[in-house]
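Please read the structure below before turning to the comments.
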Amino acid sequence: GRGGKRTKAQQAEMLAEPGEVEMNFKLSPDVAGSGFGTTEEMVLPALPKPFLKTSGKLKVLQLKKYVAKQLLGGGEATEDIEILCNGESLGPELNLYFIKCTRWMQGDALSLLLNYRRRASTWS
């Protein structure tokens, strides 16, 4: 089976505490017509620095705060922001390591890519 065998390093990473894993990822705006139900009104501008490196323990809630601070000028707007992986909205309690292991289907070939957008409910 292709990709069935894991290297020792990959096995060690799977077993590691998420805090021990440093992760590179890209945080970019979801675009209208992505197939994930994003409309023009939900699109947010790009971040000045979309490539980030941080602890695997970082939670989605902290990412929402970061996006809100960078783009909307304050942390109180976190509930207006949605973070997505492969088009799936992520709960605020999930950490990056868990997301990479369970939601990211591209393996290690590509850095984790997360998208963000304005929540639809703010516009309904």
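The values are calculated or read from the model by the stated rules, or taken from the named source; none is laboratory data. This one's a predicted model, so the numbers in the text were calculated from it and none came from an experiment. Here Cβ is always computed from backbone atoms with ideal geometry, including for glycine, and neighbour counts include all displayed protein chains. Each accessible area value is taken on the protein alone, full model and side chains, heavy atoms only, with ligands, DNA and RNA left out. Shrake-Rupley method; radii C 1.70, N 1.55, O 1.52, S 1.80 Å.
Descriptive notes on the structure:
- Leu112 being surrounded by 19 or more Cβ atoms within 10 Å (Cβ to Cβ) and in contact with a Gly (Cβ under 7 Å, 6 or more places away or on another chain): no
- Selection from the range 33-70 of residues that are among the hydrophobic types (A, V, I, L, M, F, W, C), outside any strand (DSSP E or B) and modelled with pLDDT of 90 or more: Met42, Val43, Leu44, Ala46, Leu47, Leu58, Val60, Leu61, Leu63, Val67, Ala68
- The range 71-115, residues that are without any contact (Cβ under 8 Å) to a residue 40 or more places away in the chain, closer than 18 Å to Phe51 by Cα and part of a helix (DSSP H, G or I): Leu71, Ile99
- Hey, Trp123 surrounded by 18 or more Cβ atoms within 10 Å (Cβ to Cβ) and at pLDDT below 90 or not: no
- Looking only at the range 80-99, and only at residues there that are closer than 13 Å to Arg117 by Cβ and more than 11 Å from the chain's Cα centre (by Cα), the one that is surrounded by the most Cβ atoms within 10 Å (Cβ to Cβ): Ile81
- Of all residues making up the range 25-60, the number that are among the basic types (Lys, Arg) and closer than 19 Å to Asp80 by Cα: 1
- Scanning the range 1-23 for residues that are open to solvent by 80 Å² or more (accessible area, probe 1.4 Å) and either within 19 Å of Lys59 (Cβ to Cβ) or modelled with pLDDT of 90 or more (or both) returns Glu17, Glu20, Glu22.
- Condition met for Lys64 (open to solvent by 30 Å² or more (accessible area, probe 1.4 Å), out of contact with any Leu (no Cβ under 9 Å at 6 or more places or on another chain) and either in contact (Cβ under 8 Å) with a residue 12 or more places away in the chain or of a type outside the set (S, T, N, Q) (or both)): no
- Residues within the range 25-61 that are touching a residue at least 40 places away in the same chain (Cβ under 8 Å), within 17 Å of Leu113 (Cβ to Cβ) and not hydrophobic (A, V, I, L, M, F, W, C), tallied: 9
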